[in-house]
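Written below as structure tokens is the structure these notes are about.
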Amino acid sequence: MFNVESLPCLQRALCFITISGVLFSAFVFYSLPGAFLPLYDKDRGLTSVWTGILIGAGPLSYIFICFMSALLINTFSNKKLFLTPTFLLGTATILFSLIDFIRNNVAYCVVGISLRAVQGVCGGVISATSFASLVSLYPGRVATVTALAETVLNGALAFGPFFGGVLYNVGGFRLAFAIPGIFILLCLVPEFYLPQLTSNTPNVSLRQFLTVIFDPWILFAGWHSSACQVYWLTDTIRMFLWRYHLSSCLSRIYSWDLSPYYI
């Protein structure tokens, strides 16, 4: 383990840029399918219910792995928690591009939901590790680095629909997932050179951990803010935009919705 205080400022800055790039690449997948997957599934004869399950499998698994993030960070090194999920996330994203070859809709849904769940788990681990590593890099500027990391993360959410829509229009379903998957795998190169930082996360017992995350007020606040505001609202608006052939505006809706959060 490296002592953070011994790292030069330039090396800390490079670590910050690397971690932010990984975080951005990982969360583009989160909203990537929103611009085109419902249209693609409709052409396959699937209902919007199955499309919602396909898209929602990622966020749902992300929520559950985030509950366990503190335990993972205290158990494994930050380098392992970057390299392993990044490799799995990139591989799962590339494999998702190949389910276009599956003609049976049942098999398509099973494989698609499984891959989206893997993506969500990997994204959750990367998110938790990124925040913990950035706080370790700049222990005296916790609020600043947290705000910057949140901006990067939500910028990826806003950029995802636009990026996915462009790729889908250029090369179809396969290209829309293959290119982001390759970008994610390329993140392994700078990740390999990240120092193993000492975590500032305090040791938390399983009992304390479960007591906090299942507190009724925490559950209510989390589900209300994320599920009701972000997912329910944007998905409802998305259906309106498709009906009137305005799906190109989807990324602007994400940007407008998240702009107060950036500030």
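The values are calculated or read from the model by the stated rules, or taken from the named source; none is laboratory data. Since the structure is predicted, the reported quantities are computational estimates derived from the model, not experimental observations. Because the Cβ atoms are built from the backbone with ideal geometry, glycine has one as well, and the counts that use them run over all protein chains shown. When the accessible area is computed, the model is the full protein with side chains, heavy atoms only, and any ligands, DNA or RNA have been set aside. Shrake-Rupley method; radii C 1.70, N 1.55, O 1.52, S 1.80 Å.
Observations on the structure shown:
- In the range 32-127, Cα pairs under 8 Å separated by at least six residues give a relative contact order of 44 percent.
- The relative contact order of the range 55-202, computed from alpha carbon pairs under 8 Å that lie at least 6 residues apart in sequence, is 42 percent.
- Panel note: the C-alpha atoms of the range 35-118, placed on their principal axes, show extents of 46, 22, 22 Å (largest first).
- FRET efficiency for the pair Arg12 and Ile63, taken as 1/(1 + (r/R0)^6) with r the Cβ-Cβ distance and R0 = 45 Å, rounds to 0.90.
- Å² of accessible area per residue within the range 108-176, as computed with a 1.4 Å probe and no ligands counted: 35
- Per residue Cα convex hull volume in Å³ - calculated over the range 1-149: 113
- Using the Cβ-Cβ distance between Gln196 and Arg103 with R0 = 35 Å, the FRET efficiency computed as 1/(1 + (r/R0)^6) comes to roughly 0.15.
- A cut-off under 11 angstrom between Cβ atoms defines the neighbours of Thr129, and their net charge, with Lys, Arg +1 and Asp, Glu -1, is +1.
- A viscosity of 0.692 mPa s and a temperature of 37 °C, combined with the Kirkwood radius over Cα pairs in Stokes-Einstein, give a translational diffusion coefficient for the range 78-200 of 207 µm²/s.
- Convex hull volume per residue for the range 74-122, taking Cα atoms only, in Å³: 56
- Residue-level accessible surface for Phe24, protein heavy atoms, 1.4 Å, Å²: 70
- 3J(HN,Hα) couplings calculated from phi for the range 22-38 with the Karplus curve 6.51 cos²θ - 1.76 cosθ + 1.60 (θ = phi - 60°) are, in sequence order, 5, 4, 5, 4, 5, 8, 4, 4, 4, 10, 3, x, x, 7, 9, 4, x Hz; Gly and Pro show x.
- Cβ crowding within 10 Å averaged over residues, with 133-141, 37-45 ranked highest first: 133-141, 37-45
- Across the protein chains, with a 1.4 Å probe defining accessible surface, the residues Glu191, Glu150 rank Glu150, Glu191 from largest area downward.
- Compared with the direct C-alpha span, the chain from Thr47 to Val189 gains 47.1 nm at full extension, assuming 0.36 nm per residue.
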